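Taken together, the values in this text are just the output of simple stated rules run on the coordinates, not laboratory data. In this text the structure is predicted, and so the values were computed from the model without any measurement. Here the Cβ positions follow ideal geometry from the backbone for every residue, glycine too, while neighbour counts run over all protein chains shown.
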Amino acid sequence: MRRIVPPLAVAVAMLLALGAYGAFGQQGHVIGSKHDLASPGVAACEQCHIPHDAYGDYLWARGPNPAGETYVGVRPLCYSCHDGTVTEEGRYAFDETLSQHPTVPGEPSKDCDMCHNAHTPEYGNFLLFPSGANLCRSCHGKAGPTDHPVDVDAAVAPLDSQWNPSTGDLSGTRLWDAAGAGPGNQVKCLSCHSAHGGLEGSDLSTMPYRDPTSTISPLCQNCHP
Amino acid sequence: MKQGPMPLWGSRFRRWIGERMQALGRQRWLLVALGLVALLGLVVYLVAFFPQRASNPRVTTSVFQAALMEHLQAPQPLDGQPPITWNQPAGMAVLHGTRFVLDTGNDRILELDDAGAVRAIIDRTIDERVALQGPMAIASDGEYLYVANSGAHQILVLTPAGQVVKAIDLANPEAPDGVPPRPIGLAVAANGDILVSDAASHRVLRYDPDGRLLQAIGAGKRESGTKGFNTPGGIAIDAAGNIYVVDILNGRVVQLSPDGAFLGQFGELGDTAGTFSRPKEVAIDATGKVYVSDGLLAAVQVFGPQGEYLGFIGREEPGDSDSGSLFRAPAGLKVAGDTLYVVDRFLGLFAFQVLP
């Protein structure tokens, strides 16, 4: 009996460590990523988490909730850097004059954290999954044979492949690499749709699908001239 | 291996205790008494310690008395024009008594009249060189407006009417290390020097009025202490010429001498009184009080000239620290006379009376 106790203890400790890694051990992903905002003496964790008097389960630094209750949870934390100060990237995602993917403010996993995780830099833009490839389908179901093909090489390049919301260019279609992490030659969901800055009332299309004054679809025409 | 039930830990322990108690004889009552005293001590500790922890000086505990005089969630429209709104405004300057709001999301500047109505729009229709790209800071020297045109890596010097006097290209060959600076904070010194917070190189850059780079303060990478900044943000200059720089991601305000030498600092990362979560801008009033906006704490904290914490501004009920915040994302600050202006990225312009 005594002989099996030490290996058993080691096994239990390893299991606990693994569990702790799964739950809390994502620091290693942040270090060296764009979210590693540490300076000597100021740890990367501190930028978003504080051990005492914090807000919510994730120990976020936060003041009292504003009265509006639409600006709570993780959203203020994201905007506190993505507002044009610490970074100019992503400010358009908080532009209330643009069409944005619906969120439930303050609900865990239903706000910015629906698609992004500050601890996973692997897939570009800190997305939970490779952009376009699996991310959209994790909620929107799988595109079937009767849908426009995605995850395939495009036969022709779009007329406007410059879609880049960070520079204010919110129109146009764009091709992605296979992982969906950057520009490439594959059709993805995000070739026609944009979670941030799509057209109002058009399933977040980046270009109008129908033009009331024309028999030609501007969106389709962009790749099928 | 032994057969039959294993002796339990508990029974062994009880037997051991029993034997010790026997050995102690009458002294066991002394032991029990000592135990009771220890228990009493624990109760006293818990009663005394926990309320103290609960009343830690959170940022919600010390309200600085500042009367809310005005709140413009959106500006009034021009006469006869359709309604106008700003989009994520980042700052405000006052020139000849007129307020100029930096409408960052719309790449323009709105000149307001005393009633908060838009008197003029400054954008490229006034002067095609006013090609603003996500401008993050605005200041004035009493004669001109200075705009940190962040996305275009330049400082624009404008007349109040919006004509370009000078466009200082920060990405010129003199730029440090060839990295185009991204200016997000700005102040003009009494001698005309322009101090710029460069988020790209983590430095504060000093330019002469002709746009020549005179000084780069910082290490060129994320630093702390006296070596440099993590992300320098808002800049303000006090009556003596000392420079106050918000170091956003180090959660502090750094004080520099007029020639840029490190004098001191206050604050650290946190969300208790006098600490910062995401400090953005700084302003100094005529009495030397220092105001620091914090986008994450949804408050403006107030400090004395030496960095002593005086309280914070931004509750719906000015006397009730537990009432909700007036702000969502307070950013730009400007003191004009007895008034502190706060520009909130989502809720527009607030004016507080801060001096008697």
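With respect to chain B, whose longest principal axis is taken over its alpha-carbon atoms, helix B:9-24 is tilted by about 60°. What separates the Cα centres of the range B:313-332 and the range B:67-122 is a distance of 22 Å.
Straight Cα distances below 17 angstrom link B:Lys227 to none of the lysines, with same-chain residues fewer than 8 positions distant left out. What is the diffusion coefficient of the range B:67-353 in µm²/s, taking the Kirkwood radius over Cα pairs and the Stokes-Einstein relation at 37 °C with a viscosity of 0.692 mPa s? Taking Rh from Cα pairs, D becomes 176 µm²/s.
Within a straight-line Cα-Cα reach of under 24 Å, A:Lys142 can be paired with the following lysines, leaving aside sequence neighbours fewer than 8 residues apart in one chain: A:Lys110, A:Lys188. Please give the helix B:27-54 orientation as an angle from the longest Cα principal axis of chain B, in degrees from 0 to 90, rounded to the nearest 10. Helix B:27-54 sits roughly 10 degrees off the main axis of chain B. Taking a ≥ b ≥ c as the square roots of the eigenvalues of the Cα gyration tensor, an a/c ratio of 1.5 or more together with a/b no larger than b/c marks the protein assembly as shown as oblate.
One Cα centroid belongs to the range B:168-241, the other to the range A:177-225; the line between them spans 41 Å. Listed values for the range A:181-192 are Karplus-derived 3J(HN,Hα) couplings in whole Hz (6.51 cos²θ - 1.76 cosθ + 1.60, θ = phi - 60°), namely 9, x, x, x, 10, 9, 7, 10, 3, 6, 5, 10, and x replaces Gly and Pro. Listed from fewest to most Cβ neighbours within 10 Å, the set B:Leu249, A:Leu199, A:Leu37 follows the order A:Leu199, A:Leu37, B:Leu249.
In order along the range B:225-240, the phi-based Karplus estimate (6.51 cos²θ - 1.76 cosθ + 1.60, θ = phi - 60°) of 3J(HN,Hα) comes to x, 8, 7, x, 10, 7, 9, x, x, x, 10, 9, 10, 8, 4, 8 Hz; Gly and Pro are listed as x.
Prolate is the label for the range B:139-212. Its Cα gyration tensor axes, ordered a ≥ b ≥ c, give a/c of at least 1.5 and a/b above b/c. Here's the picture: charge each Lys and Arg Cβ at +1 and each Asp and Glu Cβ at -1 in the protein assembly as shown, and of A:Ile50, B:Leu68, A:Val86 the one pushed furthest to the positive end of that dipole is A:Ile50.
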